[in-house]
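Below is one structure, written out as structure tokens; the observations come after it.
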Amino acid sequence: MAHRFASVKQILPKLRCLWYGAGVPKSMTYFEMNSPVGSAPARDEVVSLADQAYNRLLEMILGGKIAPGTPLQERNLADWLAMSRTPLREALSRLEAEQFIIRAHGRAPVVRAVGIENFVAILDMRRILEVEAAWRAAGNLPASVATQLFDAIDKLVAIETPTPAQHWAVDNLVHETIADTAGNPLVAASVRDLRRRTRLFNTARLPQRLVTGASEHRILIEAIMAGNADKARLLMGRHLDNVKYAIITYLLRTNCD
């Protein structure tokens, strides 16, 4: 049963604390990680230095490895990434434009802490786009692709204790495949961007959603395969409402001090 959020504005004042990633201490910096960045993957050989810097920093931000409020000093980052400041500055400007980092009064940029109000707003936008995408995808999903999705879901559920990365990978596969199947590249790109932002709420905090979410994914894919557009739209909306409800419930039960 879908959950209603008419009282979200009444709930949000109780959730003024800021959350991030998987509970990384605010004092932790990228220099305190146990392992270095290491060699770049093969695909980076054809990616600009600015893109390399952007991708690595973004991955660490999304993974909670760089805590909110952490200052990003250009000199230290350039040394750490083994590149000059020019591509690094380009990467930082891009991260700032996408609101992953902020600058204040000419100081070094810092990782932006995300408030629950902003997170709920992103989920609402995702719902608008993904509900429509599910409707448009109905009847257009190849059987071979659906089989791949079902296999990925089954393998995930079979893992006794899946990692957040494994959980995210399958969730991402399902949602992005549906968005791609909708046939509108702009919608698909927007869904990818919004999902990337909601990844900031680490799936490790919602382990109870694994089996339930997998079941919701299965029946959603089945509706799309059957060409039942209205049912697909309903199921996608219900799925995202359940995600929102689980997150708000978690935050209400968590000590935000």
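Coordinate-derived values only; no laboratory data. What you see is a predicted model; the values in this text were computed from it and never measured. So basically every Cβ, Gly included, is an ideal-geometry build from the backbone, and we count neighbours across all protein chains shown.
How far, in nm, would the chain grow between SER93 and VAL211 when pulled straight, counting 0.36 nm per residue and subtracting the alpha carbon separation? Don't skip to the end; give the middle numbers.
Values: separation 118, 0.36 × 118 = 42.48 nm, distance 3.94 nm.
That pair, SER93 and VAL211, stretches by 38.5 nm at full extension.
So for SER215, SER144, SER84, fewest C-beta neighbours within 10 Å to most, what's the order? Display every interim value, and only then the final one.
Numbers: SER215 13, SER144 7, SER84 10.
The fewest-first ordering by Cβ neighbours comes to SER144, SER84, SER215.
With charges set only on the Cβ (+1 for Lys and Arg, -1 for Asp and Glu), what does the dipole of segment 132-257 come to about its Cα centre, in debye to the nearest 20?
Numbers: 15 positive and 13 negative charges, 62 e Å.
That gives segment 132-257 a dipole magnitude of about 300 debye.
Please compute one quarter of the surface area of the Cα convex hull for segment 66-193 and express it in square nanometres.
On the way: hull surface 43.5 nm².
Its Cα hull, projected and averaged over all orientations, spans 10.9 nm².
If you take the square roots of the eigenvalues of the alpha-carbon gyration tensor of segment 115-253 and sort them as a ≥ b ≥ c, do you get rounded (a/c under 1.5), prolate (a/b over b/c) or oblate?
Numbers: a/c = 1.73, a/b = 1.22, b/c = 1.42.
Oblate is the answer for segment 115-253, as a/c is 1.5 or above yet b/c matches or exceeds a/b.
Report the GluC sites (Glu not before Pro) located in segment 102-201 that are in a DSSP loop and have at most 15 other Cβ atoms inside 10 Å of their Cβ, or state none.
Working: sites: GLU117, GLU130, GLU132, GLU160, GLU176; in loops: GLU160.
Filter output for segment 102-201: GLU160.
Ranking LEU234, LEU72, LEU186 by Cβ neighbours within 10 Å, fewest first, what do you get? Can you show the working numbers first?
Numbers: LEU234 17, LEU72 21, LEU186 8.
Exposure proxy ranking, most exposed first: LEU186, LEU234, LEU72.
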